[in-house]
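The values are calculated or read from the model by the stated rules, or taken from the named source; none is laboratory data. This structure is a prediction, so every number in the text was calculated from the model and none was measured. Every residue, glycine among them, receives a Cβ derived from its backbone with ideal geometry; neighbour counts consider all protein chains shown.
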Amino acid sequence: MRVKRYAALAGLGAGLLAYGLARFLPPPPPEPWAWGAALLGLLLLVGGVRAMNRSMLSAFTEPEEVPERVYVRRRLEQGPKVVAFGGGTGLSRVLRGLKEHTANTTAIVAVTDDGGSTGRLRLAYGLPAVGDLVDCLGALSERPALSHLLDHRFDRGEMAGHTFGNLLLVTLNQAAGGFAEAILEANAILNLRGQVLPATPEAVRLGARFQDGSEAVGEVAIRARRGRIREVFLVPEPEEVMAEALAAIRRAHLLVLGPGSLYTSILPSFLPGPLREALAQAPAPLAYVVNLMTEPGETDGYTAYDHYKAIAYHLGRRPEVVLVHTAPIPEGVLRRYAEEERFPVPFDPRPFAVDGVRVITGDFREEGPLAQHDPAKLVRALLGLV
């Protein structure tokens with residue numbers, strides 16, 4: 001906590017002050033009780049300062065926890081500056097891993113979801129999608145219980161289907177008078193290890209143009225169309241992005257895309273023009289984390305290189321590093337995902353080598369019944385790039 005060094009300095013100063021003042025005074029008569037009084041005074045001073053500190057700190061937390069909390073906070077504040085793009089479960093898992101290593105994480109989140117609770121709130125209040133923002137806010141919070149509270153879903157009445165976190169952002173939007181102000185207020189209230197920002201504070205939708213020339217607007221409609229996508233775009237083209245997002249990209253030590261749904265989570269998180277330009281010009285290395293499984297109606301039949309090419313095409317910059325899970329996935333997990341028409345993303349290192357892209361392979365899956373990335377494994381590999 002950097003207290004002892006300052007206490008020693010203050011003690012030295014007090015001693016020098018007392019010695020200096022004593023030189024201006026005549027020698028005192030020998031009083032036997034003087035030493036006892038001085039010792040008693042010292043004990044009272046030390047005891048009083050200690051009791052005062054404990055009294056003040058107890059208003060905020062248990063005094064015994066203060067040294068550890070301050071140490072952790074100072075250590076994390078010295079961590080690398082990482083900007084992560086995406087949405088949904090993939091981005092929130094990356095954030096949970098990053099917050100154990102740095103307090104300088106910025107999440108830039110796609111806001112084009114139009115299904116479920118988020119879709120209903122978009123229609124009712126004209127807001128950007130709030131669901132993925134809430135997931136990321138919970139992931140970066142210092143208090144694990146807060147994430148469960150934000151995820152609480154009401155099951156009856158007019159609020160049935162809505163989560164507490166979604167309603168919190170709607171409330172803050174009305175109180176703050178704008179979505180950009182609302183999300184900054186949410187960051188402050190939830191005491192994050194970093195910050196969570198929308199790709200744009202405007203209410204936009206995702207459009208897709210397919211290989212046959214047809215188009216669809218809205219994430220739900222795009223998935224239902226089940227065609228091979230040529231490109232995606234925002235409707236309308238947003239005019240506003242947050243200055244905090246652009247500043248974070250310029251200062252970043254590492255830029256991370258994914259994991260997550262390629263066309264409906266990762267690409268929409270950087271489609272606004274100013275974000276694409278900032279990413280294209282940023283000096284920090286750009287890493288792309290490929291999904292473990294394909295997405296039905298979105299990336300059916302896609303290889304890891306197909307994912308990478310879609311990123312490079314929409315961004316105008318090639319990721320310098322691509323992370324690919326190559327370890328075997330248990331048969332039981334594969335059967336479960338096959339029932340949903342989801343299959344492991346095939347990987348061939350040769351086209352990456354031709355493009356001069358560094359590929360990091362390994363076991364990035366979390367143990368358990370699902371095919372999803374392990375936050376600790378993934379973040380260890382990512383921070384090794386900084």
| remark: A careful count of residues in the range 194-229 that are closer than 21 Å to Phe179 by Cβ, at pLDDT 95 or above and among the charged types (D, E, K, R) gives 2
| request: From Glu277, Glu298, Glu340, grab the single residue that is out of contact with any Pro (no Cβ under 6 Å at 6 or more places or on another chain) and either among the aromatic types (Phe, Trp, Tyr) or more than 20 Å from Gly90 (Cα to Cα) (or both). | output: Glu277
| query | Taking the range 282-298 as the region of interest, how many residues are modelled with pLDDT of 95 or more and either assigned to a loop (DSSP other than H, G, I, E, B) or farther than 23 Å from Arg223 by Cβ (or both)? | reply | 10
| message | Show me the helices (runs of 4 or more DSSP H) found entirely inside the range 307-386 where at least 3 residues are touching an Asp or Glu at 6+ places or on another chain (Cβ under 9 Å). | response | 375-383
| field | Residue count, the range 117-129 (criterion: touching a strand residue (DSSP E or B) at 6+ places or on another chain (Cβ under 9 Å) and of a type in the set (A, V, I, L, M)) | value | 1
| So, in the range 154-175, of the ones that are of a type in the set (Gly, Ala, Ser) and outside any helix (DSSP H, G or I), which residue ends up farthest from Gly88 (Cα to Cα)? | Ala160
